[in-house]
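Below you'll find the structure, written out as structure tokens, and then a few comments.
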Amino acid sequence: NYLVTLDDQDGFNEYAPSISYWSLASGVTTDGRTAHFTGQLGVDTDLYVAVPERFVWHTDSFTHNQCEPIVKHRGFTTETQYVARIEGQSGQGFLMAAFPRLADEEKPVFTPWAGTDGLKITWKGETHYLLLSLTPKAINLDGIKATAACMVVKVTDTKNFTISLPLGGTASFGGKKVSGTAPIELVVEKGKSKVHPGKNLMPVAKQ
């Protein structure tokens, strides 16, 4: 499991925004678009910034003795939290992914995708294509054709993949297509497909 967030800055174009990510860790390093948190409890986290293209990392830490019970039970008397703060660009928001994994697992590979509205994540033989936009967008990339505002395509190969449209839309890959006005998912396993309709938990109020 990982988290992808879109933070829009529309209406505040005169300011250079910043966003901070705090983690219970023993250290944090930055390299290009990625910050790596070394976890104290065996779980590391990679934080990737897809948007904006240009930004500045700032890192710091804070140690205190107000440990939560779950931390005290592991023998800690103090708790250290590290922060990676991203100083962005005026008029631009943030598109980011926080990817936790076991410390001895391979690192995910992040790549910007679909302009400023998406990213690609490759890990353990799977490639995930993620689109997150404020409005529906038409794309034709890497064998994926879609018109959607929010989409997740998880690909092992052309016979095994899923297409998820949390806000509805239309998408196709590997000769399979799915569309709907509400959340919907297409699951393809060994070339056989099955559609799972969802429920809209964020209905738009009628004007």
When you go through (1) part of a loop (DSSP other than H, G, I, E, B); (2) open to solvent by less than 40 Å² (accessible area, probe 1.4 Å) one by one for residue 96, which number turns out not to apply? (1)
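Over 28 Å from residue 47 (Cα atoms), more than 18 Å from the chain's Cα centre (by Cα), without any contact (Cβ under 8 Å) to a residue 12 or more places away in the chain and open to solvent by 50 Å² or more (accessible area, probe 1.4 Å), is that true of residue 190?
For residue 190, the condition - over 28 Å from residue 47 (Cα atoms), more than 18 Å from the chain's Cα centre (by Cα), without any contact (Cβ under 8 Å) to a residue 12 or more places away in the chain and open to solvent by 50 Å² or more (accessible area, probe 1.4 Å) - is not met.
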For the stretch 22-37, which positions are among the β-branched types (Val, Ile, Thr) and more than 18 Å from the chain's Cα centre (by Cα)? 28, 29
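From the set of residues in the stretch 149-176 that are open to solvent by 60 Å² or more (accessible area, probe 1.4 Å) and part of a strand (DSSP E or B), which is farthest from residue 119 (Cα to Cα)? First the steps, then the outcome.
Within the stretch 149-176, the subset open to solvent by 60 Å² or more (accessible area, probe 1.4 Å) is 154, 156-159, 167, 175-176.
The next check asks that each one be part of a strand (DSSP E or B); those that pass are 154, 156-157, 176.
Details: 154: 12, 156: 17, 157: 18, 176: 22 Å.
Filtering first and then ranking leaves 176.
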If you go through the stretch 59-72, how many residues are open to solvent by less than 40 Å² (accessible area, probe 1.4 Å) and assigned to a loop (DSSP other than H, G, I, E, B)? 1
Look through 164, 193 and report the one residue that is over 29 Å from residue 39 (Cβ atoms), among the polar types (S, T, N, Q) and either in contact with a strand residue (DSSP E or B) (Cβ under 7 Å, 6 or more places away or on another chain) or modelled with pLDDT under 95 (or both). 193
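Can you tell me which residue within the stretch 110-127, out of those that are open to solvent by 20 Å² or more (accessible area, probe 1.4 Å) and part of a strand (DSSP E or B), is farthest from residue 100 (Cα to Cα)?
112
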From the list 116, 122, which one is at pLDDT below 90 and under 14 Å from the mean Cα position of the chain (by Cα)? 116
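Let me confirm something: among 86, 19, which residue is surrounded by 18 or more Cβ atoms within 10 Å (Cβ to Cβ) and assigned to a strand (DSSP E or B)?
On the way: 19 fails: surrounded by 18 or more Cβ atoms within 10 Å (Cβ to Cβ).
After applying the criteria, what remains is 86.
Just to be sure I understand, how many residues within the stretch 28-58 are surrounded by 14 or more Cβ atoms within 10 Å (Cβ to Cβ) and in a strand (DSSP E or B)? Step through it out loud before you land on a result.
Our first condition is that a residue be surrounded by 14 or more Cβ atoms within 10 Å (Cβ to Cβ); within the stretch 28-58, this holds for 28, 30, 33-40, 43-52, 55, 57.
After this cut, where a residue has to be in a strand (DSSP E or B) as well, the list is 28, 30, 34-39, 43-51, 57.
Qualifying residue count for the region: 18.
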Do you know which residues across the stretch 1-40 are modelled with pLDDT under 85 and of a type in the set (Phe, Trp, Tyr)? 12, 15
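The values are calculated or read from the model by the stated rules, or taken from the named source; none is laboratory data. Not measured: the values here are computed from a predicted model. Don't worry about glycine lacking a Cβ; one is built from the backbone with ideal geometry, like all the others, and counts go over all protein chains shown. Protein only, heavy atoms only, side chains kept; ligands, DNA and RNA dropped before computing areas. Shrake-Rupley method; radii C 1.70, N 1.55, O 1.52, S 1.80 Å.
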